[in-house]
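The values are calculated or read from the model by the stated rules, or taken from the named source; none is laboratory data. Keep in mind that what you see is a predicted model, and the values were worked out from it rather than measured. Glycine also receives a Cβ, built like all others from the backbone with ideal geometry; neighbour counts cover every protein chain displayed.
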Amino acid sequence: MPDQSKRYFVAELEGPNAGVCKLVARAFAKSNDSDLCADMDEARFHMDITKLCVGMSHSQRMDFSSIMSRVPFNCDSRPIKDTDNMSPESSKRINLHHTRLPSTSNDIDSIYLDGCSTSIMANIPSPIPTTVNGHVYVSLKSIVDHFLAHGYEFDDITQVETPIQFDGRSVTSVAHTRAAEHIRNQVKQRVGDDISPTILYLIVWSDDFEVNQTKKNRVSIWVKTVTICPPPDKKRHPGYTYAVALGHKVKIMRQLRNSSGQNFVSFSPSDIVTMVLKKKTYQLLWRN
């Protein structure tokens, strides 16, 4: 796991939201070793600014910093009037105890973007991408590490509470399928009875899209994602789906045609068992 991710998740052990609060405070302190911790409202405010700045062009960032430089510093926490069209988070003033408003374009780069090793963007916990021949991918193991570190609730297939009846009536989730039962037996044979591993399943999906549909003769982009054990009521939650690979469709299709004829890519044969279930590829991974 990358160092910035380790710092974030270690801070999370100190309390709820401590990771993001320390991340923001350290960006302003210009030190990844700082023990300062911003308030949650303060941290959320600066994360919103980060999201805004990421989508700006350089000239827009210059204009934004110029505007912010003319805003008087105000620690007043009284509610703002006329809040009918505002969200609860934006309808109150923020006390800036350990941070301040950005006032220059250098502030935008060094505090929020990638202009400094202590910036917010440089320290958001995420897997490190690798580029190969014009394609980019991230480690599947690193994705799973980050997913587990975030502490999301997940619907694993480690065990089932009731006996499985393969008659079509008792199969209500992936854990109740024959394929899941088969993988549990495989894991048990491999690790023995001394270890009780947690078995996760990954839903693999891929598709291609046009970079810009208003222009012709552009190379299509191919993307592969994995969704990790989402509970029934959180199948569309962004915390469960991650991008694994991105590249040019033509090059990828050529590489697949030149491969050994397999219809899937095994990310790590020593740790993953791949199987096809209901016309979808599920990758099963176990950990101690």
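Scanning the stretch 46-105 for residues that are among the small types (Gly, Ala, Ser), modelled with pLDDT under 55 and surrounded by 11 or more Cβ atoms within 10 Å (Cβ to Cβ) yields a count of 2. Within this structure, Ile143 passes the test of being in the same structural domain as Ala245 (by TED's automatic domain parsing) and in contact (Cβ under 8 Å) with a residue 60 or more places away in the chain.
Pairing residues of the stretch 95-107 that are under 15 Å from Thr118 (Cα atoms) with residues that are modelled with pLDDT under 85 and in a loop (DSSP other than H, G, I, E, B), at Cβ distances under 8 Å and at least 6 apart in sequence or on separate chains, gives Asn106/Gly115. Pro16 falls short on exactly one of the conditions (1) surrounded by 12 or more Cβ atoms within 10 Å (Cβ to Cβ); (2) out of contact with any helix residue (DSSP H, G or I) (no Cβ under 6 Å at 6 or more places or on another chain); (3) not charged (D, E, K, R), and that condition is (1).
A quick yes/no check of all residues on (1) at pLDDT 80 or above; (2) closer than 12 Å to Ile228 by Cα; (3) exposed (fewer than 14 other Cβ atoms within 10 Å of the Cβ); (4) outside the structural domain of Pro232 (by TED's automatic domain parsing):
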site	(1), (2), (3), (4)
Leu148	yes, yes, no, no
Gly151	yes, no, yes, no
Asp156	yes, yes, no, no
Gln159	no, no, yes, no
Phe166	no, no, yes, no
Arg169	no, no, yes, no
Thr172	no, no, yes, no
Arg184	yes, no, no, no
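If the condition is being in a helix (DSSP H, G or I) and more than 17 Å from Ala122 (Cα to Cα), then the stretch 11-43 contributes Glu12, Ala18, Met40, Asp41, Glu42.
Matching residues to (1) of a type in the set (Gly, Ala, Ser); (2) at pLDDT below 80; (3) under 19 Å from Asp145 (Cα atoms); (4) buried (at least 17 other Cβ atoms within 10 Å of the Cβ):
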| position | (1), (2), (3), (4) |
| --- | --- |
| Ala175 | yes, no, no, yes |
| Ile199 | no, no, yes, yes |
| Trp205 | no, no, no, no |
| Arg218 | no, yes, no, no |
| Cys229 | no, no, yes, yes |
